[in-house]
Amino acid sequence: MLTKEEFRQYLSRGIHYLDGATGSNLRNAGMPKGCCTEIWVLEHPEPLVQLQREYAQAGSQIIYAPTFQAQPIALKAFGMEHQTEKINEALVALSRSAAPDCLIAGDITTLATFCESWNPDCFELLVENYRRQIRGLIDGGADLLVGETLLYPQEAEAILTAAELECAGATMFSFTMQADGSLFSGADAGKVLRELEEAGADAVGFNCVGADMMTPHLVSKLRRYTGLPLICKPNAGIPVINQEGVAEYHLSAQEFAAIMKQCADNGALLLGGCCGTDPSFIGAVKQALEA
């Protein structure tokens, strides 16, 4: 795993490209709704390998391993909590095989679905779950950790604590937030990002926000709170739920890229996509910025 110094030196070179959505693209490739994504990927690796290979070809430099909810408390629903470390290790190795020239980030997310992750009484539970996941990510050879789609500051604090206890290195954090720069918990996102910088995070920002509601001034606002590299990884617009109950995103790759260029102009340095995006979106962003 990269040390904080090594990762910060890597980021100092300028703009870097993240990947785009994973889950929605795997569902399009045949993954059943409601299954355990992590187990399905290990049993059907080809769609994931192909997707990540295409992201790398499109320009992604940092690929997120499909370990989004590979924590014991989440895997317990499928009777696989005892395999937590091995599952994370195997998924990192799979991503490495798909994109050997990219950095592989161990992906960690909110546990709000499974516990009151905002509650101080649950902090030790968070740390315990994140420690086991991080141990597997390190054993699998992840280059860095990324806590994404976080809802509460306590989750980021727990991830940082778990990472320190497991002697992990570089760590990034991104929250889902509202267009006015507040978390859905009501906390001021800018202040949270500044606190994370002070606590030792290496990059901060947001993901899973509609690109057409995420005006570039949101990037500017967050930029004023932190000197760390800023992550900008939005959805392909605001979703519309169709008759089958599936979210549809209306922004084209070119429209998405135009918004992302404005965000880069306003200070975002780590650019990627979330729900509704695919490798063509990353390619369009790269082309727009390098034209």
Query raised in the report: Which residue pairs have Cβ atoms closer than 9 Å, lie 6 or more positions apart in sequence or on different chains, and pair a first residue in the stretch 1-18 that is of a type outside the set (Lys, Arg) with a second residue that is surrounded by fewer than 13 Cβ atoms within 10 Å (Cβ to Cβ) and assigned to a loop (DSSP other than H, G, I, E, B)?
Result: Met1/Cys167
Query raised in the report: Can you find even one residue in the stretch 242-260 that is surrounded by fewer than 20 Cβ atoms within 10 Å (Cβ to Cβ), in contact with an Asp or Glu (Cβ under 7 Å, 6 or more places away or on another chain) and in a loop (DSSP other than H, G, I, E, B)?
Result: yes
Query raised in the report: Does the stretch 217-237 contain any residue that is more than 21 Å from the chain's Cα centre (by Cα), at pLDDT below 90 and in a helix (DSSP H, G or I)?
Result: yes
Report summary line: Going through (1) part of a helix (DSSP H, G or I); (2) charged (D, E, K, R); (3) over 26 Å from Asp143 (Cβ atoms) one by one, Arg194 fails only at (3)
Report summary line: With criteria (1) out of contact with any helix residue (DSSP H, G or I) (no Cβ under 9 Å at 6 or more places or on another chain); (2) at pLDDT 95 or above; (3) aliphatic (A, V, I, L, M), Ala268 comes up short on (1)
Report summary line: Restricted to the stretch 241-262 and to residues being among the acidic types (Asp, Glu) and modelled with pLDDT under 95, the residue nearest to Arg223 (Cα to Cα) is Glu248
Requested in this report: Take the stretch 161-175 and flag every residue that is surrounded by 20 or more Cβ atoms within 10 Å (Cβ to Cβ) and of a type in the set (Val, Ile, Thr).
Outcome: Thr171
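Rundown of residues vs (1) closer than 27 Å to Phe184 by Cβ; (2) out of contact with any strand residue (DSSP E or B) (no Cβ under 9 Å at 6 or more places or on another chain); (3) surrounded by fewer than 19 Cβ atoms within 10 Å (Cβ to Cβ); (4) free of Cβ contacts under 8 Å to residues at least 12 places away in the same chain, yes/no style:
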position	(1), (2), (3), (4)
Leu75	yes, yes, no, no
Met80	no, yes, yes, no
Asp107	yes, no, no, no
Thr149	yes, no, no, no
Ile159	yes, no, no, no
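The values are calculated or read from the model by the stated rules, or taken from the named source; none is laboratory data. The structure displayed is predicted, hence computed values, not measured ones. No Cβ is skipped: glycine too gets one built from the backbone with ideal geometry, and neighbour counts run over all protein chains shown.
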